[in-house]
Amino acid sequence: MFNFLKLIRVQNLIFIAFIQLIMRQTILIPILQKYGFEATQASGMIGLLIIATVLIAAGGYALNDYFDVKIDAINKPEKQVVGTFIPRKTAMLMHQLLSGLGIILGLLLAYVARSFTLGFIFIVVPGLLWFYSASYKRQFLTGNLTIAFVSAITVLVVGVMELAFLRKEFGTLIFETLIPKEIYAWIGVFSIFSFLCTLIREIIKDMEDEKGDREFECRTMPIKWGIAKTKIFLYVLILITNIALYVVNYQFVPFEGTLTLRYIIFGLSLPFLALGYFIFIAKTPKDFHNASNFAKIIMLIGVLYAFVLYFLQAKTYGISLFNLFIVK
């Protein structure tokens, strides 16, 4: 059981489920409450969305390890599961079962919501994960962008589902209100943040795995450009991400006070600065591994801003926090 949980990266699956749940509870529900909508049909379907997403992600992890047996034997032999504790055939079977069930549940959700977009997402994403594991991850930047895109879609799909059920319940009139715009604006911000953080982390992981990737003639950024130029590229990405955060605060955050600005400075900008330093001094695979883990922590901090946003909306619009109390 332990090896199975290790194969499907259970800690990452918990993180995915957590993100999707809080996106709805702390972003979408307050927006709906602000306009007088207490509950929609999506309330009973968020669990199905999370299960479908987690199953597809788990299947993707199993598939990734199936294709990476030889590379993992060089890069991380002490952590290798497939080919050591779990046979390759079993890993492929697990991928087919998990992904297949995830697709079926996702299509069922799309059918109930009457949403072509949802159905399209649950067909395209498993396909992207297959091509990523089989080919894209060994190509220059293609694999990094693919996983970053999938990470962004994992966040965005929560908003897609909510709007699909709103349209089902209230018809196209719902799109004549400000609700869709606000949902896509805020979910979009978190989705883009997820994209950028994942892209940064994936490139760091490529530097960590350079030895094995080079052995099997992969064309990742560290191999094509070298470690020094790849680090410069990461510094630019980190700078772009930080600039984007301040632009969002200036353009999209309408609340009084400086709580959001302080959160960005101390919760994100300073950690990003530390990440840049960790990348700068990194020389060994272990150094890059630590930097990669730190990037994941920054992404978590960014996601947790959703609770701050919930608090600010509750205070501004008189919304009950988790239906427990009113913020004054």
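Worth pointing out:
- Against the numbered list (1) under 28 Å from Cys218 (Cα atoms); (2) of a type in the set (A, V, I, L, M, F, W, C); (3) under 17 Å from the mean Cα position of the chain (by Cα), Ile123 comes up short only at (3).
- Filtering segment 183-201 to residues that are of a type outside the set (Val, Ile, Thr) and either under 16 Å from Met161 (Cβ atoms) or in contact with a strand residue (DSSP E or B) (Cβ under 6 Å, 6 or more places away or on another chain) (or both) leaves Tyr184, Trp186, Gly188, Phe190, Ser191.
- Screening segment 47-60 for residues that are surrounded by fewer than 19 Cβ atoms within 10 Å (Cβ to Cβ) and in contact with a helix residue (DSSP H, G or I) (Cβ under 8 Å, 6 or more places away or on another chain) and picking the one that is farthest from Leu163 (Cα to Cα) gives Ile51.
- Residue count, segment 234-260 (criterion: touching a helix residue (DSSP H, G or I) at 6+ places or on another chain (Cβ under 7 Å), under 22 Å from Gly318 (Cα atoms) and not β-branched (Val, Ile, Thr)): 4
- Residue check, Leu312 surrounded by 15 or more Cβ atoms within 10 Å (Cβ to Cβ), among the hydrophobic types (A, V, I, L, M, F, W, C) and without any contact (Cβ under 8 Å) to a residue 60 or more places away in the chain: yes
- Restricting attention to segment 127-150, the residues that are crowded, with 23+ Cβ neighbours inside 10 Å and either touching a strand residue (DSSP E or B) at 6+ places or on another chain (Cβ under 9 Å) or over 22 Å from Glu215 (Cβ atoms) (or both) add up to 1.
- Within segment 68-106, considering residues that are loosely packed, with under 15 Cβ neighbours inside 10 Å and at pLDDT 95 or above, the one farthest from the chain's Cα centre (by Cα): Leu93
- The one condition in (1) under 18 Å from Cys218 (Cβ atoms); (2) in a helix (DSSP H, G or I) that Ala164 fails to fulfil: (1)
- Odd one out for Ser135 among (1) of a type outside the set (Lys, Arg); (2) touching a helix residue (DSSP H, G or I) at 6+ places or on another chain (Cβ under 7 Å); (3) at pLDDT below 95: (2)
The values are calculated or read from the model by the stated rules, or taken from the named source; none is laboratory data. A quick note: this is a predicted structure, and the numbers were derived from the prediction, not measured. Note: ideal-geometry Cβ built from the backbone for every residue, glycine included; neighbour counts use all protein chains shown.
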